[in-house]
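Let me begin by presenting the structure, written as structure tokens, before commenting on it.
Every read-out reported here was derived from the displayed coordinates using simple, explicitly stated rules and does not represent laboratory data. Because the structure is a prediction, the values reported are computed rather than measured. In this analysis, Cβ positions are derived from the backbone assuming ideal geometry, glycine residues included, and neighbour counts consider all displayed protein chains.
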Amino acid sequence: MESHAKVAGRFAPSPSGQMHLGNLMCSLLAWLSAKQAGGRIVLRMEDLDTARTKLEYTRQLERDFRLLGLDWDEGGLTDSQPGPYCQSQRTAFYERCLDKLQAQGLVFPCFCSRAELHAASAPHASDGEPVYSGKCRHLTPEQAAEKSKLRAPALRLRVPDEEVSFTDAHYGPQSQNLAQACGDFILRRSDGVFAYQLAVVADDAAMGVTQVVRGRDLLSSTPRQLYLYKLLGLDPPSFAHTPLLLAPDGRRLSKRDRDISLPGLLEAGFTPEDIIGRLAYCAGLLDAPQPMKPAELVPLFSWEKVPLQDICLPKGLFTR
Ligand code: GLU
């Protein structure tokens, strides 16, 4: 990855529920990757969607990270310098970023309903969203003004019919044609909430993040984000995506799975070191599950040990 001088990794959890083991494994890898490079960790709460996030979960996330020894150097609820580090409090900043894109003539209002979007698109982008049909792309200002009387628009970014290529530090070379993979994407929803894609780019750049480590489910969002970095004239970080942790039966973990949430595991008698050691074992860093502190894993960490394929939780590893 990048030079050791100013490495900054980050935790960017969404406080919409309790973290599950997959979130924790990813956070552990982000922490190890930054610490091994002598870097720091920024904690940013991705609570843009205030209808789905809760302050109570935000506090819980901080307690969970601390308990596990996944400490952070900057950010979180109490660190206000040079924050805020909660996205819900950074709207004015996102407005300014949006203005920069608007000034380039790349933003247009879209009046399509969810149903229209789904109906108009056969292929779906890998994140499950429909590929945008381009329906509102060519509305004249007069047509848009007329439609605005009936419905608040979302704001979309025009994307070019071009490949965006990058090298993921774990998954290697990647390439995506934005027009084909997702189409013009949303920067601000019709209810005024800024989209993850814009906020994550603006914030990672503003917070000096130099390496992004996150789940493979966001690999396909990275080209959109790189395009935004380019348009905003910002230096992109390096990206390393992690395999996902799956339940023993192969299904995706969910924040609703109480048995594999941190509080559930602590209640069942696992210590924080038991949990970290088992996660490190799942991630390929240990040959056998044994209690470990994150700091003890720093010398053992390397991306080569981490599998590329998603990891099924071995049956019985987290049950007593
Ligand atoms: N907030 C996102 C999540 O919790 C992560 C976004 C990112 O790492 O870029 O899934």
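Given all pairs of different Cα atoms, what value in angstroms does the Kirkwood hydrodynamic radius of the stretch 219-320 take?
Working: mean 1/r = 0.0637 Å⁻¹.
The Cα-based Kirkwood calculation yields 15.7 Å.
Based on the alpha carbons, how large is the Rg to Rh ratio for the stretch 147-301 when Rh follows Kirkwood?
Working: Rg = 19.7 Å, Rh = 18.5 Å.
Rounded to two decimals, Rg over Rh is 1.06.
Kindly identify the stretch 75-194 as rounded, prolate or oblate by the Cα gyration tensor criterion: order the square roots of the eigenvalues as a ≥ b ≥ c, call it rounded if a/c is under 1.5, otherwise compare a/b with b/c, prolate if a/b is larger, else oblate.
On the way: a/c = 1.86, a/b = 1.13, b/c = 1.65.
Oblate.
In sequence order, what are the phi-derived ³J(HN,Hα) couplings for the stretch 44-50 according to the Karplus relation 6.51 cos²θ - 1.76 cosθ + 1.60 with θ = phi - 60°, rounded to whole Hz, with x for glycine and proline?
Couplings: 10, 8, 8, 10, 4, 8, 5 Hz.
Could you work out the helix-only [θ] at 222 nm for the chain, with each DSSP H run of four or more residues adding -39,500 (n - 2.57) and the total divided by the number of residues, to the nearest 500 deg cm²/dmol? The partial results should precede the final answer.
Working: 11 runs with 105 residues, N = 320.
Mean residue ellipticity, 222 nm, calculated: -9500 deg cm²/dmol.
Through the Karplus equation 6.51 cos²θ - 1.76 cosθ + 1.60, θ set to phi - 60°, convert the phi angles of the stretch 236-245 into ³J(HN,Hα) values in whole Hz; use x for Gly and Pro.
x, x, 7, 10, 9, 9, 10, x, 8, 9
Are there any trypsin sites (Lys or Arg not before Pro) in the stretch 172-255 that are in a DSSP loop and have at most 13 other Cβ atoms within 10 Å? List them by number. Write down the numbers at each step before the final one.
Values: sites: Arg188, Arg189, Arg214, Arg216, Arg224, Lys230, Arg251, Arg252, Lys255; in loops: Arg189, Arg251, Lys255.
Answer in residue order: Arg251.
Considering the chain as a Gaussian network with a 10 Å cut-off on Cα pairs, which listed residue, Ala92, Ala240, Ala280, attains the greatest mean-square fluctuation?
Highest fluctuation of the listed residues: Ala92.
Tell me, what HN-Hα J-couplings in whole Hz come from the Karplus equation 6.51 cos²θ - 1.76 cosθ + 1.60 at θ = phi - 60° for each residue of the stretch 60-69, using x for Gly and Pro?
Coupling constants for the stretch 60-69: 4, 4, 4, 4, 5, 4, 4, 4, 7, x Hz.
Need one word for the stretch 238-282: rounded, prolate or oblate. Basis is the Cα gyration tensor (sqrt eigenvalues a ≥ b ≥ c); a/c below 1.5 gives rounded, then a/b vs b/c decides. Walk me through the numbers before you get to the answer.
Working: a/c = 2.06, a/b = 1.31, b/c = 1.57.
Here the stretch 238-282 falls in the oblate category.
Under a 5 Å amide H to amide H cut-off, with H placed in plane at 1.01 Å, what residues pair with Ser238 once short-range neighbours are removed?
Distant-sequence amide H within range of Ser238: Gln211, Val212.
Once the convex hull of the alpha carbons of the chain is built, what does its volume come to per residue, in cubic angstrom? Present the calculation step by step, with values, prior to reporting the outcome.
On the way: hull volume 44.3 nm³, N = 320.
Considering the Cα atoms of the chain, their hull volume per residue is 138 Å³.
State the three equivalent ellipsoid semi-axes of the stretch 1-143, derived from the C-alpha gyration tensor as the square roots of 5 times its eigenvalues, in descending order and whole Å.
Calculated on Cα positions only, the semi-axes equal 35, 19, 17 Å.
Enumerate the amide H contacts of Tyr132 below 5 Å, restricted to partners 5 or more residues apart or on another chain; note that Pro and chain-start residues carry no placed amide H.
Under 5 Å from the amide H of Tyr132 lie the amide H atoms of Gly183, Asp184, each far enough along the sequence or on another chain.
If I measure Cβ to Cβ between cysteines in the chain, which ones have no partner under 4.7 Å?
Cys26, Cys86, Cys97, Cys112, Cys182, Cys282, Cys312
Rounded if a/c is under 1.5, else prolate if a/b is larger than b/c, else oblate: which is the stretch 126-187, with a ≥ b ≥ c the root eigenvalues of its Cα gyration tensor? Display every interim value, and only then the final one.
Details: a/c = 3.49, a/b = 2.70, b/c = 1.29.
The shape class here is prolate.
Among Gly83, Gly250, Gly134, determine the one that fluctuates most according to a GNM of the chain built with springs between C-alpha atoms less than 10 Å apart.
Checking each option, the largest mean-square fluctuation is seen for Gly250.
Alpha carbon centre of the stretch 67-116 versus the stretch 247-302: separation in Å?
Result: 30 Å between the Cα centres.
Given a Förster distance of 25 Å, report the FRET efficiency between Lys6 and Arg52 from their Cβ-Cβ distance, rounded to the nearest 0.05. Spell out each step's value before the answer.
Values: r = 34 Å, r/R0 = 1.34.
FRET efficiency, Lys6 to Arg52: 0.15.
Going 7 Å from the Cα of Leu308 in the Cα-to-Cβ direction, what parts of the stretch 229-261 have a backbone nitrogen less than 18 Å from that spot?
Label zone hits: 239-245.
Anyone know which of Arg52, Arg90, Arg44 comes out most mobile in the 10 Å Cα GNM of the chain?
Arg52
Averaging over every viewing direction, what projected area does the convex hull of the Cα atoms of the stretch 63-146 cover, in nm²?
Values: hull surface 37.7 nm².
The orientation-averaged projected area of the Cα hull of the stretch 63-146 comes to 9.4 nm².
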